[in-house]
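Just below is one structure, and these are the notes that go with it.
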Amino acid sequence: MAKIVVDVMLKPEILDPQGKAVAAALPRLGFTFAKDVRQGKRFEIEVDGEPTAAQLAEVEVAAEKLLSNPVIENFTVRVEK
Amino acid sequence: MSLDTVATAKANPDASQPFAELGLKPDEYARIKEILGRRPTSSELAMYSVMWSEHCSYKSSKVHLKQFGDKAVKTDALLVGIGENAGVVDVGQGYAVTFKIESHNHPSFIEPYQGAATGVGGIVRDILTMGARPIAVMDPLRFGPADAPDTRRVLPGIVAGVGGYGNCLGLPNIGGEVVFDETYLGNPLVNALCVGVMKHSDIKLAKAAGAGNLVVLYGAKTGGDGIGGVSVLASETFESKGPAKRPAVQVGDPFVEKVLIECSLEIFAEDLVVGIQDLGGAGLSCATSELASGGSGGMKVQLEKVPVRDPSLSPEEILMSESQERMCAIVEPSKIARFLEICAKWDVTVNVIGEVTDGNHLEITWNGELIVDVPPRTVAHDGPVYNRPMAQPAYINEVAKQVINVPIPATADEIKVTVLKLAATPNLADKSWVTDQYDRYVQGNSIQAQPDDSGMVRIDEKTHLGVAIATDANANWSYLNPYEGARLALAEAARNIATAGAKPLAVTNCLNFGSPEDTGVMWQFAESVRGLADGCLEMGLPVTGGNVSFYNQTGAVAILPTPVIGVLGVIDDVRTRTPMSFDRAGLDLYLLGETEDHLAGSEWAYMHNQRGGVAPTANLQREMRLIDLLVAGRTKKIFTAAHDLSQGGLSATLTEMVLRHNTGATIQLDNVGMALLSETPGRVVVAIDPAQTAALTQEAVTQKIVLTKIGVTGGDSLVINDAKISLVELRKAHTETFAKLFG
């Protein structure tokens, strides 16, 4: 069974207060590696069998309409085995 | 792309520039060339284009707004007038209050949550910039039909955005409006009001005086958000451009703003700034040019010192960015160390980006190269001014001839059905679904909030001095008669604070209209401004500032003319306020003011799809006498409760009163249908202890206000003549509308 994964991230020019908060918290806990952090969300959609091209196209539409806010967010759709 | 410097502009004078894409007209572009004696650099073009946009320059409205100054009443209460970030009024005991409304309509249509949230953030910074501590917000909102699919997208997002930002700041939301009308579909109105308080000595102004003083940018870093948002979002109708030109919206961070407020107030308290300006629409372009022109005009800014989130931003983009939560201060060199120390304490990013000079040009460099060299007044204040053609639209005479033909209830059954229908209609239904998402009591000083006639906050915990604010617009009346509509809205807002016993003191406004390029819309606007200016003069109330939002239209359909008027008043002791309703039986109910046949523009007519008729005429002399009566009713302890009549007439007022404390009333009315439905302005229902009858009669006679006894309080029903409506049934009708519509 395969999973269709949709990753949603704020567009690069959009302010990400959550990512900023994480970036500020890391050094307080002694983690000094991060130059910047941006936070997004990930949807894992299970389908029966191998996802078809038509299914993926449908997921694209759903991602645009429901899973993301296209005004401020970008998304990517991929298949995870 | 190579850097376009002043030297390049001189060397290459004929390079073609995308002025039209930036929203500038050919003659405006020619004017810039004339001012500079050369073509502008791309950075200068960016600055002029945003600052000369309708939103920033008020180019279509300026000639009309002048009346607020020309017709102004002379009053000592006005400490800072129009032109600064917000007006400031004296409320006594050494306190000054500043308040203002602004629109964030277009951004809230595109991205409801962030659009509304940053609308709140922007107006809060305007108030902070005056040196005041923000103490409360209010939000008049207008949407398309309540059951329209797009309203279901827009309303929950906008309400959540208003609540999200305001709640995080710890500011109580003490009122506003929620109104539905089909003309707002595609053009929702999000108007945000903020009120702040300070001591007289703490007033701050936007000026950059004193050569050698430092220009300091503090707050959030600059990113690519909202680039060109001002000119593109607010100055063009949606249809005229493709999505490619639609820029990224701004995302706000209320926690950064909260820190910025506290940091700024500490800086103000130590008197560390000469002048200050927040960065709102048009960002740094606006802040630098306004600060510089507030002083002698000379300023040098090194743009590469602006801290950026995204290092690939070009200087043009940095100048236009509308990143939120930023402030620009002018600081004397001797005080900069302490300024930086306070910013460090609050963990606020701060950079010195330039200095005030004794010249008269704003010069901006990018890594040493001069990219902007302009007289700042030409950017900030000397924008184009249009005396746009206007003409009374044809509909005005047509609607005036229409006769309102609506069912008028007479029998007990008809009365009951009518009262229940009005109680449940979205424009009059209980708004708790909205206001419960707002924190109304944080800070512990909220005395009144929704569903009271006005919001009221205490500003001194020892003396209990307080201020009350109400915002009102009746777009139905403004549509029929924009001049009277504005005066009626002013009278209603003033009455709404007077019912609690506060005395009106000052006025702000947010004028929402369609395209100024439409002669009919321009006429509506001019008439509204004339009406408001005349009304304020007659009532002796100064206009302290305001905001104009044009281009609220989709295709050829403009929104109803919607001048939202905010009135602020003072109450010397909030504990003595008159509440909006009664909580016990045995009180007498009186109607103050006469009821005439005023169904034109009423909610009942709207519910029957009738837009015509003749709007009432505002009798402001009578309104002022009524206000005096209402204030005296509080100070002389005559009233137990007082509640304004407006949309929905007496029916809506009685519904709200009996449901407030679940105490019924028995009402006897002549000509019952018209008595319940008419929306004659200048009326109030008061509840008094029968022992106060003589005192009330005396006041009414003194103020020449018609007084009619309409009933008594008590019971678990609202009884009107032979019609009996149980409070349970009435509450169900009143409260289930929003829950059903928006879940």
Inset, instruction - Compute the accessible area of each residue in the stretch A:1-19 twice, once for its chain alone and once with every protein chain present, using a 1.4 Å probe on heavy atoms, and list those whose area falls by at least 30 Å². - result: A:13, A:14, A:15, A:17
Legend entry - Apportionment of accessible area to carbon and sulfur, the stretch B:1-115, percent (1.4 Å): 54
Legend entry - ³J(HN,Hα), Karplus 6.51/-1.76/1.60, whole Hz, each residue of the stretch B:706-714, x for Gly, Pro: 5, 10, 10, 6, 10, x, 9, 8, x
Inset, instruction - At most 10 other Cβ atoms within 10 Å and a DSSP loop assignment: could you name the trypsin sites (Lys or Arg not before Pro) in the stretch B:424-505 that fit? - result: B:462
Legend entry - Segment residue B:635-residue B:414, length gained on full extension (0.36 nm per residue, minus Cα span): 75.5 nm
Legend entry - Partners for residue B:345 among aspartates and glutamates (Cα-Cα distance below 14 Å; same-chain residues under 8 apart left out): B:262, B:266
Inset, instruction - Find the centroid of the Cα atoms in the stretch B:455-521 and in the stretch A:1-57, then give the distance between the two in whole Å. - result: 46
Inset, instruction - Go through B:661, B:608, B:464 and list them by solvent-accessible area, largest first, probe radius 1.4 Å. - result: B:661, B:608, B:464
Legend entry - Antiparallel DSSP beta bridges within chain B, percent to nearest 5: 80
Inset, instruction - Run through all the Cα pairs of the stretch A:3-80 and give the fraction in each 10 Å bin from 0, expressed as whole percent. - result: 17, 38, 26, 16, 3
Inset, instruction - List every residue whose amide H lies under 5 Å from the amide H of residue B:548, counting only residues 5 or more places away in sequence or on a different chain, with H placed 1.01 Å from N in the peptide plane. - result: B:511
Inset, instruction - State in Å² the accessible area per residue of the stretch B:561-637; use a 1.4 Å probe, count heavy atoms of protein chains only, and round to the nearest integer. - result: 36
Inset, instruction - Could you name the lysines whose alpha carbon sits less than 16 Å from that of residue B:66, not counting residues in the same chain fewer than 8 places away? - result: B:74
Legend entry - Distance violations [Cα-Cα > 29 Å] among B:401/B:709; B:221/B:300; B:71/B:462; B:637/B:709; B:100/B:709; B:62/B:335: B:401/B:709; B:71/B:462; B:100/B:709; B:62/B:335
Inset, instruction - Just the number, please: buried accessible area between B and A, total of both chains, 1.4 angstrom probe, nearest 100 square angstrom. - result: 900
Legend entry - Selection of trypsin sites (Lys or Arg not before Pro), the stretch B:678-724, meeting DSSP coil and at most 15 other Cβ within 10 Å: B:704
Inset, instruction - Please give the solvent-accessible surface of residue B:419 in Å², to the nearest 10, using a probe radius of 1.4 Å with every protein chain present. - result: 0
Inset, instruction - Over the whole of A:62-71, what's the average partner chain Cβ count within 10 Å per residue? Rounded to a whole number, please. - result: 2
Legend entry - Share of carbon and sulfur in the accessible heavy-atom surface of the stretch A:3-80 [1.4 Å probe, %]: 58
Legend entry - Helix-only CD estimate at 222 nm, as mean residue ellipticity for the protein assembly as shown, using -39500 (n - 2.57) per DSSP H run (n ≥ 4): -10500 deg cm²/dmol
Inset, instruction - Skip the ligands, DNA and RNA, and give the accessible area per residue of the stretch A:3-80 with a 1.4 Å probe, whole Å². - result: 64
Legend entry - Net length gained if the chain between residue B:62 and residue B:398 were fully extended (0.36 nm per residue, minus Cα distance): 118.0 nm
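The values are calculated or read from the model by the stated rules, or taken from the named source; none is laboratory data. Just so you know, these numbers come straight off a predicted model, no measurement behind them. So basically every Cβ, Gly included, is an ideal-geometry build from the backbone, and we count neighbours across all protein chains shown. Side chains included, ligands, DNA and RNA excluded: accessible areas come from the protein's heavy atoms. Shrake-Rupley method; radii C 1.70, N 1.55, O 1.52, S 1.80 Å.
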